[in-house]
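Some notes on the structure that comes next.
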Amino acid sequence: MKKEIIGTSNKVLEVDLAARRFWVSEIPVGDRELYLGGKGMGLKLLFDRLKPGIDPLGKDNILVLTMGVLMGTGAPCSGRFEAVTKSPLTGIMVTGSCGGPFGMALKTSGWDAMVIHGKADEPVFVCVDSGGATFADAAGIWGTGTAAAQDTLLAHGSGAMVIGQAGENLVRYANIRSGSRFLGRGGIGTVMGSKNLKGIVAKGREYKIRPADKKRFDRANKRFLAHINNNPVTAGSWRSYGTNANIRISNAAGILPVRNFTAGSHGQAVKISGETMAEKFDTRHDVCKPCAILCGHRGTIRGEKRHIPEYETVTLLGSNLGIFDPEIISDFNELCAEYGMDTISTGGTIAWAMEAAEKGLIESDLRFGSDEGIAETITDIAFRRGQGAMLADGSRMASKTYGGEDFAMHVKGMELPGYDPRGAFGQGLSYATANRGGCHLSAYMVGVEAMFGMADPHALRWKPYMVKFMEDIFSAVNSLHICLFTAFAVFLEPPLIRFTPTFIIRHLNQNFSLLALNLMDASLWPELWHAVVGKRYIPYLGMRGFYKAGERAHVLERYMNIREGIAKKDDTLPRRLLDEGRTCDHEAKTVPLDSMLKTYYRLRGYDENGIPREKTLEKLGIGKQTK
Ligand code: SF4
């Protein structure tokens, strides 16, 4: 019979790649209450170990992997793990979430977290089981793509995470593959490459995970599942068409990035929509496990079974390059998957190169609207060949060298995802304040502003309140740690929201936002957390405690970034979004960032330079490093 873990083991496996040894540490009980798990716990583990100012590609950088608290309990969309490190793309903290099978394998090997120190002198992969870690020679798989590398590692366990050639060659936005899912942004795969670490594989299936309060868990889980299965997004459009269900919405709302963010919509957008792809490619579900939303899809493209590119890929490697052929976008996606490269940063950097070539800043045959040379450029980036070597450092570094900084579409060095904030001002503020840089998952304001029409996209009043609220909630959900897409069901299905007409919600959001935000019922998430970890830690977390844990993780990450030199000067947007109008607007619209930022800092308890005040850190219990 399998051994049992009640909720969480609190065991951390720490490995030193240089010395090829491991040791075990514990997650302190107090930290579980304050940081929950996933993202929050990953940041805390990193904060306690990482020296400020180190080279992200040097031996002193540390990679932390944390498992979801609900993982292994069977809760829908709970099979997620988080990676946290210092980013070689941005030079600040980066966190990322993945629904691949590695997380479940590590957790059911008995570990709630893994911390990777040092740099191996030769390529290695690490095998984990309940007894600890062993180190194996990876020379035979160094130089292989992610699919072949993963197949090799899976001979040693039930879940693996690997890098491809892009990570080995230190492309600053290399990612990590687990199953058919990717841990995408900020070069977390590059950090693995810099440590000569090709992959990690965990045996798994050694422990069974049991919620501390099974009855309470079953009740909450049943309600959770019902919400997911009732909601028209989670059980409707996203289940049928994946995240590409957003293409038509974004196009209609004028937030689709087109030709390096010069237009917000395009007449051919329907060709790359989820609806079109479902029909054309005869799609089937291909998802993280377990999942009830089922947003991921596979289909038959060019006679092969392929993963259907997600919304961000379709926009950044498609519409933003002026390409509206989903088969061609799928070709680019397959290349990025094989080499292990973030499709958002790859597309954003290529878009910069196209415009730089158009303006005569660099010599290149890349042109908007033409797929000529793009596949070759992706390969050149992955192997740092020719011009690819310059593009492998991302659009910020390339534009600093060759010019064109005004149209390098990044925040803090990370390329922007697929929503143009001139059509959703709250999203603009959230890009500017997101801790990891150009990120749509820090606060998904386009959901409120464009998808559901719950706030005027161009109104400014209350947007800082909404952005802070969503940042805290999303940070808590990523610490719980469960798929962010469950937010549609958790927020929209409680009767008060479900049965209130949208125009009333919009009115409340715009005129009485504090009241509206307080009426939001997110109690399902803390209820699930509490049922899993039980009363070992605290009597009751509650919704306020849950929000607070999210706020704490967000401010801790900001504080760690401040130590790396981040301040108000970095909380900005590409000049194009602040100064230039677009072809889709009758009247030029630009993001009025400054007026929102001041209020946002005040709400956050930051000073006028964006630095968290002492009393803010104290209030949240963010203390000194403990190691
Ligand atoms: S909704 Fe999509 S991203 Fe979220 S867990 Fe399911 S398949 Fe993964």
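Each value in this text was obtained by applying a stated rule to the coordinates, not by laboratory testing. Quick caveat, the model's predicted, so the values are computed rather than measured. Positions of Cβ are backbone-derived with ideal geometry, glycine not excepted, and every protein chain shown enters the neighbour counts.
Let me check against my output: what whole-number percent is the relative contact order of the chain, with C-alpha pairs under 8 Å and at least 6 apart? Relative contact order of the chain: 16 percent.
Kindly flag which residue pairs out of K208/K619; K119/K569; K119/K214; K44/K198 have an alpha-carbon separation exceeding 31 Å in this structure. Among K208/K619; K119/K569; K119/K214; K44/K198, the Cα-Cα distance tops 31 Å for K208/K619; K119/K569; K119/K214.
A Förster distance of 60 Å, applied to the separation of the beta-carbon atoms of E618 and E327, puts the FRET efficiency at 0.60.
Averaging the Cα positions of each part gives two centres, and for the range 410-452 and the range 372-403 these lie 24 Å apart. Semi-axes of the equivalent ellipsoid for the range 516-574, computed as √(5λ) from the eigenvalues of its C-alpha gyration tensor and ordered from largest down, come to 31, 16, 8 Å. Can you bin the range 198-316 into rounded, prolate or oblate? Criterion: square roots of the alpha carbon gyration tensor eigenvalues sorted a ≥ b ≥ c, rounded for a/c under 1.5, prolate for a/b above b/c, oblate for the rest. Prolate. Only helical runs count toward this figure. For the chain, summing -39,500 (n - 2.57) over DSSP H runs of n ≥ 4 and dividing by all residues gives -11500 deg cm²/dmol at 222 nm.
Sites listed here are trypsin sites (Lys or Arg not before Pro) in the range 529-617 whose DSSP assignment is loop and whose Cβ has at most 13 other Cβ atoms within 10 Å: R613. Taking GluC sites (Glu not before Pro) as exposed when DSSP calls them loop (any state but H, G, I, E, B) and at most 11 other Cβ atoms lie within 10 Å, what is the longest stretch of the chain free of them, the sites themselves excluded? Between the exposed loop sites, the longest stretch runs 1-362.
Measuring from each cysteine beta-carbon in the chain, the ones with no other cysteine beta-carbon under 4.7 angstrom are C98, C127, C288, C291, C295, C336, C439, C584. Rounded, prolate or oblate: which fits the chain when a ≥ b ≥ c are the square roots of the eigenvalues of the alpha-carbon gyration tensor, with rounded for a/c under 1.5 and prolate only if a/b beats b/c? It comes out rounded by the Cα gyration axes. Report the antiparallel proportion of the DSSP beta bridges in the chain as a percent, rounded to a multiple of 5. Here the antiparallel bridges make up roughly 75 percent for the chain.
Remind me, relative contact order of the range 242-414 in percent, using alpha carbon pairs under 8 angstrom and six or more residues apart? Once divided by the residue count of the range 242-414, the mean separation gives 17 percent. Pair-distance distribution of the range 65-145: all C-alpha pairs, bin width 10 Å, starting at 0; shares per bin in whole percent are 16, 37, 39, 8, 0. Loop-located trypsin sites (Lys or Arg not before Pro) in the range 1-101 (DSSP state other than H, G, I, E, B) with a sparse environment of at most 11 neighbouring Cβ atoms within 10 Å: K2. With point charges of +1 on the Cβ of Lys and Arg and -1 on the Cβ of Asp and Glu, referenced to the Cα centre of the chain, which listed residue (P211, Y465, L484) lies farthest in the positive direction of the dipole? After comparing all options, I get P211.
Inter-part distance, the range 83-137 to the range 540-560, computed on C-alpha centroids, equals 24 Å. Computed extension length for R21-R575: 194.6 nm, one decimal, from 0.36 nm per residue of separation with the Cα-Cα distance subtracted. Could you tell me whether the range 242-414 comes out rounded, prolate or oblate from its Cα gyration tensor? Rule is a ≥ b ≥ c as square roots of the eigenvalues, rounded for a/c under 1.5, then prolate if a/b exceeds b/c, otherwise oblate. Since a/c reaches 1.5 and a/b is larger than b/c, the shape of the range 242-414 is classed as prolate.
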